[in-house]
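J.: One structure coming up, written as structure tokens, with questions to follow.
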Amino acid sequence: MRELHGVLFSGHKDLRLKQRTLLFDKFHLWHLADQESKPPEVEAELDFLRERGIVADAPSFDIEAFAESLDQIDFTDGFAIVRALEDTLLPEDAEELAMTSARDLVNRYLIKTLVPLPNSDLVPICELPLPASEESPRSRDVISIAFTCLPLPDDSCAWEDVLDFKAEAPDKQWTFRRFIRALATKAQSEAEIRDDIEWTVNEYRKAMETHHIKASQSFVDVFVISPLEIIENLVKFNWSKLAKGALSIRKRKVELLEAEMKAPGRECAYVFDARKRFGTK
């Protein structure tokens with residue numbers, strides 16, 4: 001499976017790396033020369049992720065080389081939102097929006113300078129939303145929208161839980177990534193892309209709810225045994241009845257697995273499972 005790597009500005013107080021890690025495999029972080037150092041606990045977390053190969057520090061870049069690399073189209077598209085809103089914003093808000101636009105341009109610039117690892121895709125993780133006028137969204141824009149559809153694990157969630165979840169569902173994650181790549185080929189707005197994802201998740205949810213009810217009823221019909229019966233069968237060495245129960249449990253697991261593979265909306269099964277595991281925030 002191809003890995004998905006992102007370039008991300010590290011100057012924000014909350015990088016939301018647990019949420020982003022549900023979609024991305026690795027992050028290349030960059031910062032500004034005058035950027036404040038992070039609290040010790042944040043630096044410790046980043047060191048932990050560096051050791052795991054999830055975070056790497058992007059090479060420093062020459063700000064003059066970056067400026068010289070910009071074309072007219074970069075200024076036109078990169079600051080379109082600022083120009084559209086500047087008459088309605090306070091000066092300090094307009095300045096912050098301009099800085100955000102500039103950081104997004106740096107993200108796109110670093111994509112050109114970094115050499116992606118074999119069997120991986122490298123995309124900029126930008127801060128500004130997909131422009132409403134965009135007719136044919138590119139993959140990085142759809143990835144940004146898809147990221148917001150994933151849950152935000154809270155502070156009580158350990159990193160091991162996030163990494164274990166990903167290790168348990170590589171095929172579902174791969175299927176979801178293929179789904180959002182397909183969405184990137186369509187001429188859709190941000191709202192339409194988000195609606196496609198949520199509709200697909202809901203179709204899968206309904207299929208799973210229906211099948212879990214049917215599977216539970218089938219399970220009850222095949223095998224219902226009380227604790228007293230279990231003890232009695234153990235004492236009497238009634239292995240056949242105990243084996244029948246074990247086989248019925250295995251049968252139910254196979255039925256659920258087959259249902260997941262055939263369910264409508266299975267392209268977003270990864271999002272559904274992530275929300276069940278980490279909540280819907």
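J.: Check which residues have an amide H placed less than 5 Å from Glu3's amide H, if you skip close sequence neighbours.
T.: Ser120, Asp121
J.: Now for a separate question. Students sometimes get this wrong: rank Lys172, Lys166, Lys206 by accessible area, probe 1.4 Å, all chains present, largest first.
T.: Lys206, Lys172, Lys166
J.: Could you list the square roots of 5 times each eigenvalue of the Cα gyration tensor of region 31-166, that is, the equivalent ellipsoid semi-axes, sorted largest first and rounded to whole Å?
T.: Semi-axes (√(5λ), whole Å): 29, 19, 18.
J.: Another question, if that's okay. What net charge is computed for the residues neighbouring Ser69, neighbours being all others with C-beta under 13 Å from the C-beta of Ser69, Lys and Arg scored +1, Asp and Glu -1?
T.: Combined, the nearby Lys, Arg, Asp and Glu give -3.
J.: Here's a follow-up. Would you compute the Debye intensity of region 49-113 from its alpha-carbon atoms alone, equal scatterers and no solvent, and pass along log10 I(q)/I(0) at q = 0.14, 0.18, 0.19, 0.29 Å⁻¹ to two decimals?
T.: Log-scaled intensity ratios, in q order: -0.54, -0.76, -0.81, -1.22.
J.: Let me ask something else about it. Could you order the peptides 10-16, 59-65 from most to least packed, using the average number of other C-beta atoms within 10 Å per residue?
T.: Put in order of decreasing packing, that is 10-16, 59-65.
The values are calculated or read from the model by the stated rules, or taken from the named source; none is laboratory data. Given the structure is predicted, the values throughout are model-derived calculations rather than measurements. Note that each Cβ is placed from the backbone with ideal geometry, even for glycine, and that neighbours are counted across all protein chains shown. To get the accessible areas, we keep the full protein, side chains included, count just its heavy atoms, and leave off ligands, DNA and RNA. Shrake-Rupley method; radii C 1.70, N 1.55, O 1.52, S 1.80 Å.
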